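The values are calculated or read from the model by the stated rules, or taken from the named source; none is laboratory data. What you are looking at is a predicted structure, and each value in this text was computed from that prediction instead of being measured. Here the Cβ positions follow ideal geometry from the backbone for every residue, glycine too, while neighbour counts run over all protein chains shown. Heavy atoms of the whole protein, side chains included, go into the accessibility calculation; ligands, DNA and RNA do not. Shrake-Rupley method; radii C 1.70, N 1.55, O 1.52, S 1.80 Å.
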Amino acid sequence: MSTGVIIALIVIVAVVLVVAAVLALRARGPQHGGSLKRRFGPEYDLAVARHDGDTKAAERELAERVRRHGSLHTRPLEPAERERFEARWAAAQERFVDSPREAVGEADRLLAELAAARGFPDGGQYEEQLTALSVHHAHHVEGYRRVHRVTHTRADDAQDGGANTEEMRASMVEARALFEALVCPDRHDRHDAGRRRTGTEAGEPLPAAPAAPAAHTPRTTHAWSLGKRRPKES
């Protein structure tokens with residue numbers, strides 16, 4: 001066998017090995033545990049806990065979520081739509097002062113409508129919508145889960161009214177992260193929207209003591225602190 005033939009065979013074998021390695025990596029794709037853990041973050045841990053520590057079962061569930069909803073294409077909101085959603089969220093937060101349970105219920109409905117407006121499954125299919133959201137907003141979807149759970153828990157089921165109110169407050173605060181991600185998904189748009197509403201980044205923590213809005217700004221920011229009454233304008 002000539003040297004040229006031997007070299008050609010070595011090259012062919014090397015190419016076959018490289019192609020096989022690439023195909024193997026693609027086949028593993030989203031099913032690879034490390035990739036799923038990075039993608040889903042806290043949702044990965046919740047799935048494992050739900051399957052009693054069975055990571056393989058949890059990864060099969062998460063991989064199925066990716067298969068069903070990973071290619072979902074969302075649509076941007078029109079400016080008027082965004083403003084309507086922002087106004088409703090601001091109203092819900094202010095309503096929390098006097099009617100926390102009703103405010104949380106409004107937040108639950110608002111997130112369902114906003115997700116549907118962005119192209120996720122309709123809010124009437126809560127579990128399906130939540131599953132799709134977990135694929136694209138894994139680090140924020142828990143807030144939606146919490147407000148939905150509070151909304152569908154009867155008030156007389158709570159043993160301690162004070163603790164229940166605090167739970168509702170925490171669920172509203174956490175749900176706002178998903179609201180922000182859905183209403184202003186693009187970083188540049190989020191910055192512009194934040195400047196229009198508050199003069200700061202929209203994703204900042206709730207302020208402890210909000211300043212009175214400027215006289216020429218009639219709109220109420222949805223970053224208003226829960227449980228704080230809006231100071232009267234002078």
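In plain terms, the chain from Thr3 to Glu78 could stretch by 20.3 nm, reckoned as 0.36 nm per residue minus the Cα-Cα distance.
Computed about the Cα centre, the dipole magnitude for the stretch 27-127 is approximately 620 debye when only Lys and Arg (+1) and Asp and Glu (-1) carry charge, each at its Cβ. Karplus-derived 3J(HN,Hα) values for the stretch 170-176, using 6.51 cos²θ - 1.76 cosθ + 1.60 with θ = phi - 60°, are 5, 5, 5, 4, 5, 5, 4 Hz; glycine and proline are entered as x. Using a 1.4 angstrom probe on heavy atoms only, work out the carbon and sulfur share of the accessible area of the stretch 59-99 in %. The value for the stretch 59-99 is 49 percent carbon and sulfur by accessible area.
Annotation: peptides 3-9, 46-52, ranked by per-residue average of other Cβ atoms within 10 Å with the highest first, follow the order 46-52, 3-9.
At R0 = 45 Å, how high is the FRET efficiency between Thr165 and Ala57 if r is their beta carbon distance? Nearest 0.05 is fine. E between Thr165 and Ala57, to the nearest 0.05, is 0.75.
Peptide packing: for 125-135, 62-72, the average count of neighbouring Cβ atoms within 10 Å per residue gives the ranking 125-135, 62-72, highest mean first.
Site pair Ile12 and Ala116 shows an inter-label distance of 6.1 nm when each label is modelled 7 Å from Cα along Cα→Cβ.
Net length available on complete extension from Arg68 to Asp45 is 6.3 nm, with 0.36 nm assigned per residue and the Cα-Cα distance removed.
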